[in-house]
Amino acid sequence: MTDSTFDYATIDEANAAVVDIVTAGQPTLVDVVQAHTVIPDLVPGEYVLLHAGPPVAFADMPAPMQASCVGAAIFEGWADDEDAARAIVADQARYVPCHSVGAVGPMGGITSAHMAMVVVVNQTYGNTAYSTMNEGIGKVLRFGANDAEVIERLRWMRDVLGPSLAAALKQTDGGYALSPVIARAISMGDEMHQRNIAASALFAKDMAPLLCRIDLPAEQIAEVSDFLSRTDQFFLNIAMAACKSIMDAARTITEGSVVTAMTRNGHEFGIRVSGLGDRWFTAPVNTPEGLFFTGYDQSQACPDMGDSAITETFGLGGMSMIAAPGVTRFLGAGGFSDALAISEEMAEIVTSFNAGLSIPTWDFQGAPTGIDVRKVVQTGITPIINTGIASLTPGVGQIGAGTVRAPLGCFTQALEALAERYGIAVD
């Protein structure tokens, strides 16, 4: 049925309004809290978990994502061993997409009530977004590892890292502005998805004096500083929440054809579009390809999962591959010319460029902004996403890094829905 009520004369005008909101966003890190204090669905004691991607049943989750659920159940004290925890998460737990509650989660995205979450406020529009904190690489919960070491790290993040950073942030004047950090990091070789070394270093540098000013034991400050200094991907989760806060603000424009979310759950890839509200348009996920750690290969790679594609939705990550040519070989994408070719290709499917995120290696052109489903379908070019690669075997964790394409089917479905809404005939 055609919707005849529109605020904008054309789709292009609506898209321009969406991009204006995207480029005006000012995300600020204001706190670190336990998830249940900000996510109403996560009631302590109730069997509820958040997950990455569009809605998915436990049975359809890939094995590493299921293993993350088991780990979360043990972390929450729902069960003492893996078998008992699996029985709960398989048969009794309720699952809620992170995106449905203003949050994002990397890889499996499994988030439980007492996990530490960063709180990011978009100061321009007043909305808030959340994400768990980055655990590091290798054997971590988000990649499906769930042994005692993983659980103990999550407890330390809840009891030590989170409160320490929360106290440090209280020393700031209204929070820690993220846009300047992201802009600086891009000029230093980050693309903010696979490579966050510069942003993480800047964050650790800025937190150090704040930590030293608060009344904490010297050993605790040393532990926190050490973790931040050696966790090169720490800023990723903060950037994800920043991008989420910006793209959610853009969703207030209820017209147009700009993608406002891209995400995956190991079963389906889903997108949301500005003119189509909360609807998910899904297609089967692809499997990332790239370079693997010693002893692993492509046959062991888990299908694509994670909310971290919110960075590409905003225009970073694979969209801005040229910003981080140093990471392309690690991703299996070649060299500088390949990075340039990828970003030039991504430029064909966006409506604009973000002048606030100028890329020195691209002659200071801004990051590609506003993925347009019409252009994706017209050109057949789908967004490319930089990503870590999880092992198909639960408990192993990360086995490599690479790239993956969003499936075209999501965009085709969304375009057909837009055509119906705007009363445009589709052959």
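Here the convex hull built on the C-alpha positions of segment 332-395 has a volume of 138 cubic angstrom per residue.
From the alpha carbon gyration tensor of the chain, can you work out the equivalent ellipsoid semi-axes (sqrt of 5 times each eigenvalue) and give them in Å, largest to smallest?
Working: eigenvalues 197, 122, 95 Å².
Its equivalent ellipsoid spans semi-axes of 31, 25, 22 Å.
Which of the three applies to segment 285-332, rounded, prolate or oblate, going by the alpha-carbon gyration tensor with a ≥ b ≥ c and a/c under 1.5 meaning rounded? Oblate, because a/c is 1.5 or more while a/b does not exceed b/c. For segment 1-48, a simple Cβ point-charge model (Lys and Arg +1, Asp and Glu -1, everything else neutral) yields a dipole of about 180 debye relative to the Cα centre.
The chymotrypsin sites (Phe, Trp or Tyr not before Pro) of segment 300-397 meeting both criteria, a DSSP state outside H, G, I, E and B (loop) and at most 16 other C-beta atoms within 10 angstrom of the site's C-beta, are PHE330, PHE364. Among the GluC sites (Glu not before Pro) in segment 45-116, those placed in a DSSP loop whose Cβ has at most 16 other Cβ atoms within 10 Å are GLU46. For the chain, the Cβ-based charge dipole about the Cα centre amounts to some 440 debye (Lys, Arg positive; Asp, Glu negative; other atoms uncharged).
In deg cm²/dmol, rounded to 500, what helix-only [θ] at 222 nm does the chain give when every DSSP H run of at least 4 residues adds -39500 (n - 2.57) and the total is split over its residues? Show your work: numbers first, answer last.
Values: 13 runs with 148 residues, N = 427.
After summing the helix terms and dividing by the residues of the chain, the value is -10500 deg cm²/dmol.
For the chain, the carbon plus sulfur part of the accessible surface works out to 51%, probe radius 1.4 Å. Here's the picture: charge each Lys and Arg Cβ at +1 and each Asp and Glu Cβ at -1 in segment 63-143, and of ASN122, THR132, GLY71 the one pushed furthest to the positive end of that dipole is ASN122.
May I ask for the net charge around LEU29, where only other residues with Cβ less than 14 Å from the Cβ of LEU29 are counted and Lys, Arg are +1 while Asp, Glu are -1? Mind showing how you got there, number by number?
Numbers: positive: LYS170, LYS244; negative: ASP31, ASP173, ASP206.
That works out to -1.
Taking all protein chains into account, the per residue accessible area for segment 272-427 stands at 37 Å² (1.4 Å probe).
The values are calculated or read from the model by the stated rules, or taken from the named source; none is laboratory data. All of these numbers come straight from a predicted model, not from anything done at the bench. Methodologically, a virtual Cβ is constructed for each residue, glycine included, from the backbone with ideal geometry; neighbour enumeration extends over all protein chains shown. The area values use the complete protein model at the heavy-atom level, side chains included, leaving out ligands, DNA and RNA. Shrake-Rupley method; radii C 1.70, N 1.55, O 1.52, S 1.80 Å.
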